[in-house]
Amino acid sequence: LVELVTLFLRDTPARLRELEPRPLVAGPTARVAHAVKGSAGNLGATYMQDLASALEQAGHQGAAPDVLAPMADALCAEYARVAAYLQAVVATRADGSGTTLG
């Protein structure tokens, strides 16, 4: 589990950086959102997964940049929240206290 979390924390920021250049283009945005959706789902980050899914669908539907941008921003903000939580869990595990996810 720690390895999965470590990979998520290492790889997701690079994916999310692909959502920074504006205006967003629907196709590439959908591709990034799909990848993030899978990663979030693997960790049980369901709200983040839902945000990524909505962004993916909007991208597939050819949503305008002014629709995609706030959705991408919300996804990035949720990643920051999830990442902080996961980093704390990993740090606790490294300390040996044995706290579980939850």
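Look at the stretch 46-68: where a residue is on the phi > 0 side of the Ramachandran plot and a partner is in a helix (DSSP H, G or I) and modelled with pLDDT of 95 or more, sitting 6+ places away or on another chain with Cβ atoms under 8 Å, you get Gly62/Ala26.
In the set (1) modelled with pLDDT of 95 or more; (2) closer than 30 Å to Ala94 by Cα; (3) open to solvent by 60 Å² or more (accessible area, probe 1.4 Å); (4) of a type outside the set (A, V, I, L, M), Asn42 fails one condition alone, (1).
Of the residues contained in the stretch 15-24, one or more are found to be part of a helix (DSSP H, G or I) and open to solvent by 70 Å² or more (accessible area, probe 1.4 Å). Picking from residues in the stretch 52-70 that are open to solvent by less than 30 Å² (accessible area, probe 1.4 Å) and either modelled with pLDDT under 95 or of a type outside the set (Asp, Glu) (or both), the one that is nearest to the chain's Cα centre (by Cα) is Ala52.
Only one of the listed residues (Val36, Val89) is open to solvent by less than 40 Å² (accessible area, probe 1.4 Å) and modelled with pLDDT under 95. That residue is Val89. Specify the residue that is farthest from the chain's Cα centre (by Cα); the eligible residues are those in the stretch 75-86 that are surrounded by 17 or more Cβ atoms within 10 Å (Cβ to Cβ) and more than 11 Å from Leu16 (Cβ to Cβ). Result: Leu86.
The values are calculated or read from the model by the stated rules, or taken from the named source; none is laboratory data. Just so it is clear, the structure is predicted and the values come from calculations on it, not from any experiment. Every residue, glycine among them, receives a Cβ derived from its backbone with ideal geometry; neighbour counts consider all protein chains shown. In case anyone asks, the SASA skips ligands and DNA or RNA and just uses the protein heavy atoms, side chains included. Shrake-Rupley method; radii C 1.70, N 1.55, O 1.52, S 1.80 Å.
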